[in-house]
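Down below is the structure, laid out as structure tokens.
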Amino acid sequence: MEEQSEGNRSSSYNLDFQHKTILVGDSSVGKTSLLVQFDQGKFIPGSFTSTVGIGFTVMLLGDSGVGKTCFLIQFKDGAFVSGTFLATVGIDFRNKIITVDDLRVNLQIWDTAGQERFRSVTHAYYRDAQALLLLYDVTNRQSFNNIRAWLTEVHEYAHKDVVIMLLGNKCDMSSSRVVRTEEGASLAKEYDIPFMETSAKTGLNVELAFMAVARELKHRSSQPDEPSFQIHEYIESQKKKNPCCGLLSL
């Protein structure tokens, strides 16, 4: 199950009133302080590092209980929070700044509810996502069987050039595994998307998943005329550098 937070949207959220406001202006005029004041109701004294100039939105998808919230917490905070979580309601947002080729990149990560009753809410966000990490639980056959239905939704609601990655989570639970690695790899090959197995508990391949899609998106935005970034090759090269990440991927 997955954690409920203050940033969650409920099923009663009225999509007719969604809007976006963009803060613009020179560096140091106080845009970040203004946003913090609105978000937290307080002023934080001191100097802020300039807001990063490039950012991407990554959405986590998959059935309820596959570990999306734990996966996000592991990446964001480098920690695994054990225990039972309340299912995420609607959408939860978190941000993390990473470095890609000496460039600071802000990832806004959307943790989505897996339950059917929240699908109308999550559908509204698909077109704003630039990358989708689609998770299933290797100890839950139904979560794997439902991946095709998730991909059908992705192809219906998301942009056609969205970056998609398939992740078999909870691979640390080897004694409870019911979905073989080869099955995940075969499905990913069928849809021509990268795949690897991950563990939100141990951190296995969690950072690699985010770094791979971030590099793909950065290349598309800043080097569109150069040969395309090969995300499959990048994943393989990183696994060779870090044998602990050496689970099968495409």
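The values are calculated or read from the model by the stated rules, or taken from the named source; none is laboratory data. None of the values given here were measured: they were computed from a predicted structure. When we count neighbours, we look across all protein chains shown, and the Cβ atoms used for this are built from the backbone with ideal geometry, even at glycine.
Can you pull out the residues in the range 95-129 that are modelled with pLDDT of 75 or more and either under 10 Å from the mean Cα position of the chain (by Cα) or β-branched (Val, Ile, Thr) (or both)? Show your work before the answer.
Start the filter on the range 95-129 by keeping residues that are modelled with pLDDT of 75 or more, which leaves 95-112, 123-129.
Hits for the range 95-129 are 97, 98, 99, 100, 105, 107, 108, 109, 110, 111, 112, 129.
At least 3 residues that are farther than 19 Å from residue 235 by Cα in each: list the helices (runs of 4 or more DSSP H) lying fully within the range 99-199 that qualify.
Working: elements: 119-123, 141-145, 147-157, 181-191.
Of the helices (runs of 4 or more DSSP H) lying wholly inside the range 99-199, those with at least 3 residues that are farther than 19 Å from residue 235 by Cα span 119-123, 141-145, 147-157.
Can you find even one residue in the range 98-111 that is without any contact (Cβ under 8 Å) to a residue 12 or more places away in the chain and among the polar types (S, T, N, Q)?
In the first step, residues of the range 98-111 are kept if they are without any contact (Cβ under 8 Å) to a residue 12 or more places away in the chain; the result is 99, 102.
Adding the requirement that they be among the polar types (S, T, N, Q) leaves 99.
Yes, there is a match, as at least one residue in the range 98-111 is without any contact (Cβ under 8 Å) to a residue 12 or more places away in the chain and among the polar types (S, T, N, Q).
If residue 200 satisfies every condition in (1) without any contact (Cβ under 8 Å) to a residue 12 or more places away in the chain; (2) under 30 Å from residue 102 (Cβ atoms) but one, which is the exception?
Against the list (1) without any contact (Cβ under 8 Å) to a residue 12 or more places away in the chain; (2) under 30 Å from residue 102 (Cβ atoms), residue 200 comes up short only on (1).
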